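Here is the structure we will look at, set down as structure tokens.
The values are calculated or read from the model by the stated rules, or taken from the named source; none is laboratory data. As the structure is a computational prediction, the values presented were derived from the model and not from experiment. Note that each Cβ is placed from the backbone with ideal geometry, even for glycine, and that neighbours are counted across all protein chains shown. Side chains are part of the model used for accessible areas, which takes the heavy atoms of the whole protein and leaves out ligands, DNA and RNA. Shrake-Rupley method; radii C 1.70, N 1.55, O 1.52, S 1.80 Å.
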Amino acid sequence: MNLTSLRIITTDIERLVQFFETVTGLTAQWYTEEFAEIVTNKGTLALGSTRTMSLFGEGLVQPGTNKNVIIEFRVDNVDEVYKRIKNSVSDIVQQPTTMPWGNRSLLFRDPDGNLINFFTPVTPEAIKKFS
């Protein structure tokens, strides 16, 4: 089994897609006005409007209420990424900090309040884990 993608449902898809294009430096592939994907080498971040959920049923999601999931992206140099995005992100939770498990981590919120972690393995153990 392989985890292929993670989907965020939002009330403002254009705003969220633009945000993730800015912070990742990647261009989203739009499939409809209601659904886009940002594809990385290891997986896909899918972004859908609340209207896409009507295909599955009513009342399944509540956009902007995530308080228990962190979406993580491994980056080559978290300090350089921080310099590039710090003026584009309104809610930096933690500036780049080396964590006890060996990753240098930048934690921030997207416009819907979802926690996003950009990290770079920096200790030999963490580097080995991701190589």
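Of note:
- Considering 26, 55, 60, the condition of being within 15 Å of residue 116 (Cβ to Cβ) and of a type in the set (A, V, I, L, M) is satisfied by 26 alone.
- Within the range 85-125, tally of residues that are loosely packed, with under 12 Cβ neighbours inside 10 Å and either in contact (Cβ under 8 Å) with a residue 60 or more places away in the chain or under 15 Å from residue 22 (Cα atoms) (or both): 3
- Boolean, residue 53 is among the hydrophobic types (A, V, I, L, M, F, W, C) and closer than 23 Å to residue 129 by Cβ: no
- Of all residues in the range 1-31, those satisfying the criterion of being touching a residue at least 12 places away in the same chain (Cβ under 8 Å) and among the hydroxyl-bearing types (Ser, Thr, Tyr) are 4, 5, 10, 11, 22, 24.
- For the residues 106, 55, the requirement of being more than 18 Å from residue 5 (Cα to Cα) and either in contact with a Gly (Cβ under 6 Å, 6 or more places away or on another chain) or modelled with pLDDT under 95 (or both) singles out 55.
- Residue 72 being more than 11 Å from the chain's Cα centre (by Cα) and open to solvent by 30 Å² or more (accessible area, probe 1.4 Å): no
- Scanning the range 34-51 finds one or more residues that are among the β-branched types (Val, Ile, Thr), in contact with a helix residue (DSSP H, G or I) (Cβ under 7 Å, 6 or more places away or on another chain) and assigned to a strand (DSSP E or B).
- Long-range neighbours under 6 Å by Cβ, at least six apart or interchain, first residue under 20 Å from residue 75 (Cβ atoms) and open to solvent by less than 100 Å² (accessible area, probe 1.4 Å) within the range 42-61, second of a type outside the set (Val, Ile, Thr) and in a helix (DSSP H, G or I): 47/16
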